[in-house]
Amino acid sequence: MRNMELHDNTYIKTEGLLWEGVLKSVAKSPNKLQPIFEAVTNSLEALALLKRQNPKSVGKVIIELHYTKTLFSDTEESKIGFDRIVIKDNGIGFDNENFDRVFRYKDIRKGFNNRGSGRLQFLHYFDKTQIASIFYSEGEYWQRDFVLSKAKRFVTDNNATIYYIGTKSSDIQGLETIVSFLTPLDDKDQSFYEELDIQELKEIIINRYMMILCSQRDNLPEIRIDKYINSELKESTPITVDDIPELDKQITFGINYSKISKDLKRVEKDYTHSENFTVSAYKIGFDKLKHNSIKVTSKNEVIENIKIRLENLKNDDFIDNKRYLFFISSPYIDELDGDVRGDDIIFLTKTEYKKNAKEYGYAGDQILLDDVEEQVNDKISLMYDEIKKKAEDKVEEIKKLTEMFLLREEVVQELRISINDSNDKILEKIYAADAKIVANQDAEIKNIIDSLESLNPANKDEYQENFEKLVTDLVCNIPLQDRTTLSRYVARRKLVLDLYDKILDNKLTVQYEGRRNNDESLLHNLIFRQKSDNPSDSDLWIINEDFIYFNGCSETRLCDVKIGNENFFKDEFSEKEEEYLRSLGENRMEERPDILVFPDEGKCIIIELKNPNRNIGLHLNEITHYASLIRNFTADNFQIDTFYGYLIGEGINQQDVRTYDGDFKAAYQFDYMFRPAKTIPGEYGRKDGSLYTEILSYRTLHERASRRNDIFIKKIGL
């Protein structure tokens, strides 16, 4: 029997279709196995069509990799070269009805949600694809032969991709279709096929068609991969029932469509419109399945370009020596499939959906990837108690992070966090989401602050009421996290002051364990850790609130002091300078002031902390000495001429201090002494500088800091 509309040995031209344009519009798949996938898919569908007619039929799909081995006489070395790939099946074949669909581009009558465009991958990858098909019609067997190609003689000269050889009565009395891929068009593809391993290909085929194979596990067709060299079978590997896991559980549920709001700002759920999705679960030995995963399928084939995270089970976890494999299927996904099987299925995230809506001014209702991921993972936890337990453990871990870092609970609850996410990744996600919320809140806060301009303090009746309303609105827009952070900030300061007080009263365990007196070191490290150069991490606020915002260092040799990345002191000194610095057997650049702080260009704060048991009068000249070194020996770009000194101790007697230096005066409050100015002589061509100095006790320092902090402490109930 032959198709009466076709003539033997002719190109099949397509009216109303320009093949050059079609081939440009349908891209070559980046997956070099795509032609094999297309052919195997066609074979499995041909078996399914035959099964409808003959339920007792036993299907067969054979993939053959053919190579040639050439012996070079000059080297006596052999080379294996790629020859062809052949896919055989005993499905229904290319009878008139099925052959008619081959040359009708995007024909959807075949069923299985196919458009007939998969064969375009044959054309992109191979110079020629030969098809010989034996089918049964009108009581006898027929053989139909044709060739597919995008060569110039096909596409350009004849606007065709098929050369029809003919149809004739078959001597072979059995169904068989043979698809042969000949001569790759790209040398890289040629090399890929030469190195293709049949065991590796077997695993890929199983993974790709797992859903089909699982559904047919009890009546599995014969599937085999053979390797031939010079037409001699060298290796063969079948796919057997032992390679296919049994279905463990399955659940079907609905997912609602999403729609964009009229102002294009919000994504809303359409609770009247949904699609059914099915999750099929398989438990597989951990030695056979490398990773737990969720796979999206279209038309029962795994689609690798859509990734769904498995949130509540780590990738390499196994429970009772089993790992878990989940397949998602839905008629909705099948309908999205396009020209390159699976490659052009697009699931948008919520963010992408909103972006598209704003860009184009419209977005049709659709199901979003976020909803699929969320509901699939929720259903998986319902299916398996052991996975649910891991999810609960992860929630507890996230709860600890929330408390530790004072994270916004509303942000944490909205994010989908995977069990595979590290703590760093979780925090990164939370902070990114938090930043968006803060941006919106900042805009609202700005509006509130701008509205201050409308207030009239002279209006006794309305001013106080309107002002309090603004305060309330502002507090409501300051995130709870920030309010909590402020409370923590104040509470921390209270604890620092309490610890400070205990050191002064010798109440720390380390102070009465019989060790040497180290009160000065304890206080120094509490205020600004020794050897540190980061005032922002210190508690210098005890002395002055501003000090934590400046550059500075603690217990650092003068020769090692840096501001930014630059050395503070000169790298080289003149002979006269060197003579002074090393006079009397000393090396003055090795000296270590307790604390140096640099608030501004030309200014320096020098802080000396003394043992509470020492007479402070004996140390009056230390700050003056450090100021002199800084005034005269710093690098030329660091000209410090204004100094502020703080000499802090506990052994202070005002009369004794004035005996040593009569320029010190007693302050009227807060029990401290100060010297308004002391000249710091400039040497080596530098002008004189000036030093202001305060002498105060640790307890006075504690009282000052406590008063500053006290009002906040009372407000938060401490």
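Of all the residues in the range 462-487, those that are modelled with pLDDT of 70 or more and either among the charged types (D, E, K, R) or over 27 Å from Asn709 (Cβ atoms) (or both) number 8. Please determine, by comparing only the residues of the range 277-310 that are basic (Lys, Arg) and within 27 Å of the chain's Cα centre (by Cα), which one is surrounded by the most Cβ atoms within 10 Å (Cβ to Cβ). Across the range 277-310, the extreme among qualifying residues is Lys295. Scanning the range 367-382 for residues that are touching a helix residue (DSSP H, G or I) at 6+ places or on another chain (Cβ under 7 Å) and either of a type in the set (D, E, K, R) or not in a helix (DSSP H, G or I) (or both) gives Ile367, Leu368, Asp370. Of the strands (runs of 3 or more DSSP E) lying entirely inside the range 230-340, the ones with 2 or more residues being on the phi < 0 side of the Ramachandran plot and among the aromatic types (Phe, Trp, Tyr) are found at 249-260, 267-285, 322-329. Looking only at residues of the range 582-597 that are assigned to a loop (DSSP other than H, G, I, E, B) and over 54 Å from the mean Cα position of the chain (by Cα), we find that the one that is nearest to Lys570 (Cα to Cα) is Arg582. Check the range 659-668 and report whether any residue there is out of contact with any strand residue (DSSP E or B) (no Cβ under 9 Å at 6 or more places or on another chain), at negative phi and of a type in the set (Val, Ile, Thr). Yes, because at least one residue in the range 659-668 is out of contact with any strand residue (DSSP E or B) (no Cβ under 9 Å at 6 or more places or on another chain), at negative phi and of a type in the set (Val, Ile, Thr). Considering the range 251-276 alone, what residues qualify as being loosely packed, with under 13 Cβ neighbours inside 10 Å and of a type in the set (A, V, I, L, M)? The answer is none; no residue qualifies. Annotation note: Cβ proximity below 6 Å between a residue of the range 642-665 that is in a loop (DSSP other than H, G, I, E, B) and a residue that is surrounded by 15 or more Cβ atoms within 10 Å (Cβ to Cβ) and not aliphatic (A, V, I, L, M) (sequence gap 6+ or interchain) occurs for Glu650/Pro612; Glu650/Ser697; Glu650/Tyr698; Ile652/Ser697; Asp663/Arg675; Phe664/Arg658; Phe664/Arg675. Of all the listed residues (Leu522, Leu497), the sole one being within 20 Å of Leu647 (Cα to Cα), part of a helix (DSSP H, G or I) and in contact (Cβ under 8 Å) with a residue 40 or more places away in the chain is Leu497. Summed over the range 126-155, the residues that are touching a Phe, Trp or Tyr at 6+ places or on another chain (Cβ under 9 Å) and either among the hydrophobic types (A, V, I, L, M, F, W, C) or farther than 20 Å from Ala39 by Cβ (or both) give a count of 14. Comparison of Ile206, Ile229 shows that the only residue that is over 28 Å from Glu352 (Cβ atoms), in contact with an Asp or Glu (Cβ under 7 Å, 6 or more places away or on another chain) and surrounded by fewer than 18 Cβ atoms within 10 Å (Cβ to Cβ) is Ile206. Can you work out which of the residues in the range 492-524 that are β-branched (Val, Ile, Thr) and at pLDDT 80 or above is surrounded by the most Cβ atoms within 10 Å (Cβ to Cβ)? Among them, the one singled out is Ile503. Scanning the range 271-300 for residues that are free of Cβ contacts under 8 Å to residues at least 40 places away in the same chain, of a type in the set (Ser, Thr, Tyr) and farther than 9 Å from Phe326 by Cα yields Tyr271, Thr272, Ser274. Whenever a residue of the range 14-38 is assigned to a helix (DSSP H, G or I), its partners that are of a type in the set (Gly, Ala, Ser) and surrounded by 11 or more Cβ atoms within 10 Å (Cβ to Cβ), lying with C-beta atoms within less than 8 angstrom and at least six residues away or across chains, give the pairs Trp19/Ala160; Glu38/Gly118.
Of all positions in the range 598-618, none carries a residue that is more than 17 Å from Ile542 (Cα to Cα), among the aliphatic types (A, V, I, L, M) and part of a strand (DSSP E or B).
The values are calculated or read from the model by the stated rules, or taken from the named source; none is laboratory data. In this text the structure is predicted, and so the values were computed from the model without any measurement. Heads up, the Cβs are rebuilt from the backbone with ideal geometry, glycines too, and the neighbour counts pull from every protein chain shown.
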